[in-house]
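Derivation of every value follows stated rules applied to the coordinates shown; laboratory data play no part. Keep in mind the model is a prediction, meaning the values are calculated, not measured. Glycine gets a Cβ as well: all are built from the backbone with ideal geometry, and neighbour counts include every protein chain shown.
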Amino acid sequence: MIKFELMTNYSSDTEGKILEAAKKVFIEKGLEGTRMQEIANEAKINKALLHYYYRTKEKLFNAVFQFAITRFIPHIEGIFNSDKNFFEILEAIIEQYITLISKNPFIPIFVLHEINRHPDRLADIIKSAGIQPKILIEKIEKEVEKGTIRPVSALNLIVNIISLCVFPFAARPLIQRLLFDNDKHAYTTFIQSRKTEVTSFIINAIKI
């Protein structure tokens with residue numbers, strides 16, 4: 001298994017500048033369209049120093065992706081450890097998930113890019129960040145046993161939630177042009193409304 005260091009804090013000011021610069025450029029141009037020199041310019045460092053920290057663009061992208069994911073973990077842990085009921089937990093998870101991707105729109109692009117080329121590497125990055133689907137699976141199964149929700153497949157429910165949250169971001173270029181006449185503000189407003197729309201759709205589908 002590939003090992004990844006969790007970057008809950010930057011190891012140096014320089015590395016922090018690099019990751020912030022890389023995130024900005026990746027959001028603008030995507031993985032394929034970004035050059036290391038552009039990241040160095042944005043971070044206001046020379047290319048040699050950039051390569052000292054990250055030898056390749058792919059390794060830097062992995063680092064930015066993992067850093068974004070690790071910032072998501074504490075919120076999820078807090079939600080599961082709270083005294084919220086199951087429906088409130090679902091609502092909070094969906095809200096946090098959409099917020100995470102809104103702030104880091106390169107995440108769906110990265111996942112789609114890696115999902116067929118390097119699925120094992122992608123799974124390792126996500127696991128090393130601390131995401132444990134088994135916790136949610138067990139929670140869903142317990143709620144089914146208690147009769148809180150109708151009998152559903154925990155795996156299908158999780159995939160449905162992820163799909164409803166992620167697709168509008170993954171398909172943004174098409175959705176923004178087809179449905180919103182390329183109006184960025186209208187698209188952003190739509191994304192914010194997804195927090196309540198997805199929650200309502202999922203809860204109505206499973207509530208007894």
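Observations on the model:
- Dimensionless Rg ratio for region 71-135, taking C-alpha atoms and the 2.2 N^0.38 Å reference: 1.24
- Listing Leu31, Leu50 from fewest to most neighbouring C-beta atoms within 10 Å gives Leu31, Leu50.
- Paramagnetic label reach from Thr56 (point 7 Å along Cα→Cβ; backbone nitrogen cut-off under 17 Å): within region 16-49, residues 31-37.
- ³J(HN,Hα) computed for each position of region 137-147 - Karplus, 6.51 cos²θ - 1.76 cosθ + 1.60, integer Hz, glycine/proline x: 4, 5, 5, 5, 4, 5, 5, 5, 4, 6, x
- Rounded to the nearest 20 debye, dipole of region 58-98 from Cβ charges on Lys, Arg, Asp, Glu: 220 debye
- For region 72-206, the ratio of Cα radius of gyration to the globular rule of thumb 2.2 N^0.38 Å stands at 1.11.
- Glu20 paired with Phe80, simple spin-label distance in nm, labels 7 Å along Cα-to-beta-carbon: 3.1 nm
- Mean separation of Cα contacts under 8 Å (6+ apart) over length of region 72-206, as relative contact order %: 33 percent
- Compared with the direct C-alpha span, the chain from Ala186 to Glu145 gains 10.6 nm at full extension, assuming 0.36 nm per residue.
- Rounded to the nearest 20 debye, the dipole magnitude of region 72-206 is 260 debye, with +1 charges on Lys and Arg beta carbons, -1 on Asp and Glu beta carbons, and the Cα centre as origin.
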